[in-house]
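Values in this text are rule-based calculations from the coordinates and carry no lab data. Computed from a prediction, not measured in an experiment: that's the story for all the values here. Positions of Cβ are backbone-derived with ideal geometry, glycine not excepted, and every protein chain shown enters the neighbour counts.
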Amino acid sequence: MRPIIIEPTENPKVMKFVADYNLMPGSLEIDRTSDISEIPLAKKLFVYPFVERIFITANFIAVAKQDGVDWENVVEPLKGIIEEELEANPRVYMQKKAEVEQIFAEMTPNPMVMKFVSTKVLMDGFVEVKSKEDAEEVPLAKAIFDQFDFTKEVFISDNFVAVTKNVSVEWHEVMIAMRTFITEYLQNGGKISNATPQKHESPVENLINREYTETEQKISDILTEYVAPAVEADGGKISLMEYIPETKTAKMLLQGACSGCPSSTATLKGGIENLLKQFVPELVEKVEAVNG
């Protein structure tokens, strides 16, 4: 049986159950109004009336409980259920018939960016190519720039390629051609990148060349665990750029599809700001975006 480690969080209502592998791409937040027909694990956990919400991302499941129930009385039964369900279905969702490896096109919150998702991992980390002139060390990006003159930027991370276009075309006109090109390039064994990928944990260090303070690290850890998987699922990257203690402001570096996205401000205010206020209310009162 796959072992699960129990970890407390900054929020006393939330407990993490950590696996030794990634459970799913992106992230998933579920409450009692959500459709859980394809998620057996959620069905089992919501049998317990004190379970209010479930958050699944990367290699852990975070369970939020109601007040009035002590973790010491329920944490072991929940751990047992999670271990049993992951043994039966390691990838959280119900298993479906295996598909041939291919590339899927996905819209992102940024209308200028299309995300092309592979069924296999492309690299550990990410590279961001801002122009054709910068693409020499990234053969996949160079090939895309050479083939499609409407390409403005290419962002490669984990199992996807996010392409930013200019205004000369609409995605519905070129999406199939782009997807076919990337698919054939990868299936023919084309080289993805000769450049060293930046690491997800703290890509901002390459820009500002400093270590995080203890406070910044605490904020960054929350972003890495709770926010980054969902942002990466939309073809982007987010990390802590700067923290201003006097105003309790966290400045976020947005890259990939998130950079310049019309909905990024709303996402920060509606989601990330609220999340940080919930976990570290003594540290963060507002967040601001800095486009990478």
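Each 10 Å bin from zero holds the following percent of Cα-Cα pairs in the stretch 5-88: 17, 59, 24, 1.
Determine the shape class of the stretch 103-187: with a ≥ b ≥ c the square roots of the Cα gyration tensor eigenvalues, call it rounded for a/c under 1.5, and otherwise prolate if a/b is greater than b/c, oblate otherwise. Present the calculation step by step, with values, prior to reporting the outcome.
Details: a/c = 1.39, a/b = 1.12, b/c = 1.25.
Judged from the Cα gyration tensor, the stretch 103-187 comes out rounded (a/c under 1.5).
Approximating the spin labels as points 7 Å out from Cα along Cα→Cβ, the residue 13-to-residue 168 distance works out to 5.2 nm. Placing pseudo-labels 7 Å out from each Cα toward the beta carbon at residue 274 and residue 105 gives an inter-label distance of 3.3 nm.
Couplings 3J(HN,Hα) of the stretch 211-226, computed from phi: 8, 5, 6, 4, 5, 4, 5, 5, 5, 4, 4, 5, 4, 4, 7, 9 Hz, in residue order, whole Hz [Karplus 6.51 cos²θ - 1.76 cosθ + 1.60, θ = phi - 60°; x for Gly and Pro]. Across the stretch 105-113, rounded Karplus estimates of 3J(HN,Hα) from the backbone phi angles (6.51 cos²θ - 1.76 cosθ + 1.60, θ = phi - 60°) give 8, 10, 5, 10, x, 8, x, 8, 10 Hz, Gly and Pro being marked x. Considering only 6, 33, 56, and ranking their Cα positions along the charge dipole of the stretch 5-88 that arises from unit charges at the beta-carbon of Lys, Arg, Asp and Glu, the one farthest toward the positive end is 33.
Dipole orientation for the stretch 103-187: of the candidates 103, 162, 186, 103 has the Cα lying most toward the positive pole (charges on Cβ; Lys, Arg +1; Asp, Glu -1). How big, in percent, is the set of alpha carbon pairs in the stretch 21-154 lying more than 28 Å apart? Roughly 40 percent, once rounded to a whole number.
Under a Cβ-only charge scheme (Lys and Arg +1, Asp and Glu -1), can you give me the dipole magnitude of the stretch 103-187 about the Cα centre, in debye to the nearest 20? Could the numbers behind the result be given before it?
Details: 8 positive and 14 negative charges, 43 e Å.
The dipole of the stretch 103-187 has a size of about 200 debye.
Across the stretch 172-182, coupling constants 3J(HN,Hα) worked out from phi with the 6.51/-1.76/1.60 Karplus curve, θ = phi - 60°, read 5, 7, 10, 4, 5, 4, 5, 4, 4, 4, 5 Hz, and Gly and Pro carry x.
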